[in-house]
Amino acid sequence: MTSAISRHFASDNYAGICPEAFAAMTEANHGHEVGYGDDTWTAKAADLLREVFETPCEVFFVFNGTSANSLSLASLCQSYHSILCHEMAHVEGSECGAPEFFANGTKVLLLNGPDGKIDPKSIERAVNKRADIHYPKPRALSLTQATEVGTVYAPEELGVLADAAHRFQLRIQMDGARFANAVAGLHVTPKEITWQAGVDVLCFGGTKNGLAVGEAVVFFNRELAKEFDYRCKQGGQLASKMRFLSAPWVGMLRDGAWLRHATHSNAMAKRLEAAIRPLPNIHISYPVESNAVFAHIPEKVVEALHARGWKFYTQVGGWDESRLMCSWDTTPEDVDAFARDMKELSDEGPLKAR
Ligand SMILES: Cc1ncc(COP(=O)(O)O)c(C=O)c1O
C-alpha cells in the first residue's frame, strides 16, 4: 500500500531543509567567492556563533556529526588516552569506531547512569579503576546534550560532572547533535550549558535542526583548536565550496530560527507524549525534555502502525523501545493523526488492518 503520510516520526534527519537555511543558501549562490572557508559567509557564520555563545570561540564547519565528534575528540587526546562517555552515546555505538580511528587508537570507556545521563560517580570509578601504565589514561569526557534518549543535563548537573572531570584533568567535549533542543528545553542561554559549565568544545548540530547538512565545531578552549583546520582537511571535512556549508548557518542564526525550530519540535514531542501517555499498554520510557518520545509500545501495535504507513524506529540502539522523533516541520496535525491511529490500535479488541 502506498502511504499518504508525508511526515514521519522516525528521525529528525527525515525532514527537509528549513526555509531560513534554504533562503541563505540561495542568497549565497551569487557570483564567485573564495574557496576553503576564506569567504564572507563563513566569517559571518562564525561571528554569529560568537554572538550566540557570547565569547570569542574558534569555529569550524564540517559535514556531519560523526566527523565533528571524532575530530574534536581526537584534538583532545593522544593515542594512549581514553575517552569516557555514556554507554548509550552515539560516539560509542553509532560512529563505527570513528573516534578511535581519528584519534589513532584512543580507547572509548563506558560510563553508566539513568535516563541516558552520566552518573558523576561513574567518572571517578572509571578513572580510579586502574592507575598503572597498562591502562589507557582517561583524558576526555564526552557528554551528549540532549542525550540519546531525549533527556537533558541541567546546568547544575553539568556543574557536578565538570567538577568530577576537572578533578581528574579530563577535558570536556559535548556532542550537541540536538544542542538547540537542549537550549530550548532548558530555557537557558547557550553559554550556561557550554563554556560556563566547563565545556571545552561543542559539536553544534545543524542537520537535525533544519540544515541540509553540516555541524559547527565550536572550541571555547581556543588552545585546543590549534591546527584543527589541518585535522579537518586530513579527515576529508574541509569543504571546498565552504560558503554552502556556512551560509545556511547564517540563515539559522541571524534571526533566531535555530531556537524557534527547536522550540517547535520540542513542543510537538510534548503534544505527542500528552496524547499517547494515557493509552493502554503504552509506557513512556524517559522524561520528555527535547524532541523525542521513547515508549514501550506492544509489538502488535507497532506492526499495525507500520502497516498504516507510519515510519518510526523500534529497538533503537538495542533498547527495547520505540523512538518517536519530532522535527522542525512536524505539525500538530501530524501528531494528532499519529496519536489517533495509535489510540485506535491500542484500544482493547482485535487489531484492525487498514
Ligand atoms: C547523539 C548524536 N550525535 C551525533 C549524531 C550525528 O551523526 P551523523 O554523522 O549521522 O551526522 C547523531 C545522529 O543521529 C546523534 O543522534
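Brief remarks follow.
- Each part gets one Cα centre, and for region 126-167 versus region 1-64 those centres are 30 Å apart.
- Against the main long axis of the alpha-carbon atoms of the chain, helix 257-276 sits at an angle near 40°.
- R0 of 30 Å, Cβ-Cβ distance GLU54-ASP336: FRET efficiency to nearest 0.05: 0.20
- Projecting the Cα atoms of LEU224, ALA15, THR106 onto the charge dipole of the chain (Cβ charges, centred on the Cα centre) puts THR106 farthest toward the positive pole.
- 0 to 90° range, to nearest 10: angle between helix 243-253 axis and the chain longest Cα axis: 70
- Helical runs assigned H by DSSP (4 residues or longer) give the chain a calculated mean residue ellipticity at 222 nm of -11500 deg cm²/dmol, each run adding -39500 (n - 2.57) before division by the residue total.
- Gyration tensor (alpha-carbon) shape descriptor, region 75-157, a/c threshold 1.5: oblate
- The lysines whose alpha-carbon is closer than 19 Å to the alpha-carbon of LYS241, local same-chain residues fewer than 8 away aside, are LYS44, LYS233.
- The modelled label-to-label distance between ALA274 and LYS191, using points 7 Å beyond Cα along the C-beta direction, is 3.4 nm.
- Relative to the dominant Cα principal axis of the chain, helix 65-74 is inclined by about 30°.
- D_trans [Stokes-Einstein, Kirkwood Rh over alpha-carbon pairs] for region 171-236, 25 °C, 0.890 mPa s, µm² s⁻¹: 194
- Sparse-neighbourhood loop sites, chymotrypsin sites (Phe, Trp or Tyr not before Pro) in region 1-30 - DSSP loop, at most 16 other Cβ within 10 angstrom: TYR14
- For region 133-145, 3J(HN,Hα) per residue [Karplus equation, 6.51 cos²θ - 1.76 cosθ + 1.60, θ = phi - 60°, Hz, x = Gly/Pro]: 5, 8, 9, x, 5, x, 9, 9, 10, 10, 10, 10, 9
- Per-pair calculated FRET efficiency, R0 = 51 Å: ARG254 and GLU299 via Cβ, rounded to 0.05: 0.65
- Among beta bridges that DSSP assigns inside region 148-246, antiparallel share in %, nearest 5: 55
- Short-range pairs are left out: with C-alpha atoms under 8 Å and at least six residues apart, the relative contact order of the chain is 24 percent.
- Normalised by the number of residues in region 176-229, the average gap of Cα pairs under 8 Å and 6 or more apart makes the relative contact order 33 percent.
- Calculated FRET value between TYR135 and TYR313, using beta carbons and R₀ = 35 Å, to 0.05: 0.45
- Exposure proxy shown here: for HIS86, HIS8, HIS306, the number of other Cβ atoms within 10 Å sets the order, fewest to most, as HIS306, HIS8, HIS86.
- Diffusion coefficient, µm² s⁻¹, Stokes-Einstein with Kirkwood Rh over alpha-carbon pairs of region 1-60 at 20 °C and 1.002 mPa s: 145
- Cleavage-rule hits (GluC sites (Glu not before Pro)) in region 208-281: DSSP loop, at most 14 neighbouring Cβ within 10 angstrom: GLU227
- Using C-alpha pairs below 8 Å separated by at least 6 residues, the relative contact order for region 1-119 is 17 percent.
- Qualifying lysines (Cα of each under 27 Å from Cα of LYS270; at least 8 residues distant if same chain): LYS117, LYS191, LYS208, LYS300, LYS311, LYS343
- Residues whose amide H lies under 5 Å from that of LEU109, counting only those 5 or more places away or on a different chain, are ILE83, LEU84, CYS85; hydrogens are built 1.01 Å from N in the peptide plane.
- Take every DSSP beta bridge whose two residues both sit in the chain; close to 50 percent of them are antiparallel.
- Bins of 20 Å from zero: percent of alpha-carbon pairs in the chain: 30, 55, 15, 0
- A dipole drawn for the chain from +1 and -1 charges on Cβ atoms has a positive end, and of THR330, HIS264, MET174 the residue lying farthest that way is MET174.
- Taken along the Cα-to-beta-carbon direction at a fixed 7 Å, the label points for ALA212 and GLU87 span 4.1 nm.
Each value in this text was obtained by applying a stated rule to the coordinates, not by laboratory testing. Remember, it's a predicted structure, so these values are computed and weren't measured experimentally. Reconstructed Cβ throughout: ideal geometry from the backbone, glycine too, with neighbour counts over all protein chains shown.
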